[in-house]
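Data block below; observations after.
Nothing in this text is a laboratory measurement; each read-out follows from the coordinates by a stated rule. Since the model is a prediction, treat every value here as computed from it, not as a measurement. So basically every Cβ, Gly included, is an ideal-geometry build from the backbone, and we count neighbours across all protein chains shown.
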Amino acid sequence: MRAVLVGPPGAGKGTQAQILASELSIPKVSTGDIFRANVSGGTELGKQAKAYMDRGDLVPDEVTNAMVRDRLKEQDAKQGFLLDGFPRNVAQAEALNKILDDLGERLDAVLELKVDEEEVVRRLSGRRQCRNCNHVHHVEFDPPRSEGVCDNCGGELFQREDDSEHVVRHRLEVYREQTEPLVSFYANEGILVAIEATGSVDEVTERAKSALRSRA
Ligand code: ADP
Ligand code: AMP
C-alpha cells in the first residue's frame, strides 16, 4: 500500500498513520516529524525549516521535495508507505508523482480525513507529542497513563509551539488555500477516498481501513 493521508492540521492524520502503518508493516513518513527532528538536532535542514514552521507556513517546496525523495528511496519504503503531511500543495503532488515515476512506483490511494474546524481546534489545543517516538496523546481524548509521559515509550511529552491559537488559525488558512485543492487533484486522478474523521480513534481507524481496502 502506497498512500497519502490528507486533511487539516489536527484531523488525526498522524494518529491514524501510526496505527495503520504498524498494522500494514510499512513506514509512516511524516514530513512534520522529520522537520522537527532536524530542528531539535540543529541540522542545516532544521535551520532552513524552523522559521517557516514557527509561523505555520509551508517550508519551501525544493527543500521538502528533496527530503521526501531521499526518504522514499530508503529500503524500508520499498514495500509501501503512508505519507502524513506531504504533499501539502499541488506542486508537491506533482513532484511526488515524478519521484514515484522515477522509482517505478505509483500511489494506490489518497485518504482524506474530513473534520470541522471547531473539532480541529479542540484537538490541537490538547495535543501532546512525544519527544522520543513522536506518538501523540491528547490531554482529554487520549490522556497518557502518567501525566507528561508517553504511554508508548516512556518519553517526555511536549506541547508543540505551532499548536498555539494564532499559529493554528494561520495553519488552517494555509490548509484551505494551498492543501485543500489536492482533494480535487486526486479525485481527478481517481484515487481519492474520503472518510468522516469524527468519533473515536478506533471508529476512524475502522473507516480508514475499509476505505483503503477499496483501493488495495
Ligand atoms: P494531525 O496529524 O492530522 O495534525 P494528530 O494525529 O496529531 O493530527 O491529532 C491531533 C490531536 O487530536 C492529537 O492530540 C490526537 O491525540 C487527537 N485525536 C486524534 N484522533 C482523534 C479522535 N478521533 N478523537 C479525538 N481526538 C483525536
Ligand atoms: P505537521 O507536523 O504536519 O503539522 O507539520 C508541521 C509544520 O512542518 C508545518 O506547519 C510546516 O511548516 C512544516 N511542514 C510539514 N510538512 C510540510 C510539507 N509537506 N511542505 C511544507 N512544509 C511542511
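For residue 125 and residue 106, compute 0.36 nm times the residue count separating them, minus their Cα-Cα distance, and round to one decimal in nm. The partial results should precede the final answer.
On the way: separation 19, 0.36 × 19 = 6.84 nm, distance 3.57 nm.
Fully extending the segment from residue 125 to residue 106 adds 3.3 nm.
Compute the FRET efficiency between residue 187 and residue 145 as 1/(1 + (r/R0)^6), taking r as their Cβ-Cβ distance and R0 = 35 Å, and round to the nearest 0.05.
The computed FRET efficiency comes out at 0.25.
Per residue, how big is the convex hull around the C-alpha atoms of the chain? Give it to me in cubic angstrom, could you?
Numbers: hull volume 25.1 nm³, N = 216.
That works out to 116 Å³ per residue.
Can you figure out the FRET efficiency of residue 43 with residue 91, using R₀ = 25 Å and their beta-carbon distance, to the nearest 0.05? Write down the numbers at each step before the final one.
Numbers: r = 24 Å, r/R0 = 0.96.
After rounding, the FRET efficiency stands at 0.55.
Using a simple spin-label model with points 7 Å from Cα along the Cα→Cβ vector, what separation in nm is obtained for residue 170 and residue 76?
3.2
Rounded, prolate or oblate: pick one for segment 1-45, where a ≥ b ≥ c are the square roots of the eigenvalues of its C-alpha gyration tensor, a/c under 1.5 means rounded, and failing that, prolate if a/b is larger than b/c, else oblate. Could the numbers behind the result be given before it?
Working: a/c = 2.55, a/b = 1.66, b/c = 1.53.
The shape class here is prolate.
Taking the chain as a Gaussian network, Cα atoms linked when under 10 Å apart, which of 100, 113, 82 shows the biggest mean-square fluctuation?
The residue that fluctuates most here is 100.
Give me the Kirkwood hydrodynamic radius of segment 124-182, using the inverse of the mean 1/r over all pairs of distinct Cα atoms, in Å to one decimal. The partial results should precede the final answer.
Values: mean 1/r = 0.0803 Å⁻¹.
It works out to 12.5 Å.
Residue 214 versus residue 116, label points 7 Å from Cα toward the beta carbon: distance in nm?
Distance between the two pseudo-spin positions: 2.3 nm.
Between residue 201 and residue 159, what is the FRET efficiency for a Förster distance of 25 Å, r being their Cβ-Cβ separation, to the nearest 0.05? Present the calculation step by step, with values, prior to reporting the outcome.
Working: r = 20 Å, r/R0 = 0.78.
Here the calculated transfer efficiency is 0.80.
What are the lysines whose alpha-carbon lies under 20 Å from the alpha-carbon of residue 73, with same-chain residues fewer than 8 places away excluded?
Partners found: 28, 98.
Take every Cα pair under 8 Å in segment 2-213 that's 6+ residues apart, average their separations, divide by the length, and report that relative contact order as a whole percent. Each step should come with its number before you reach the end.
Values: 317 pairs, mean separation 62.3, N = 212.
RCO, segment 2-213: 29 percent.
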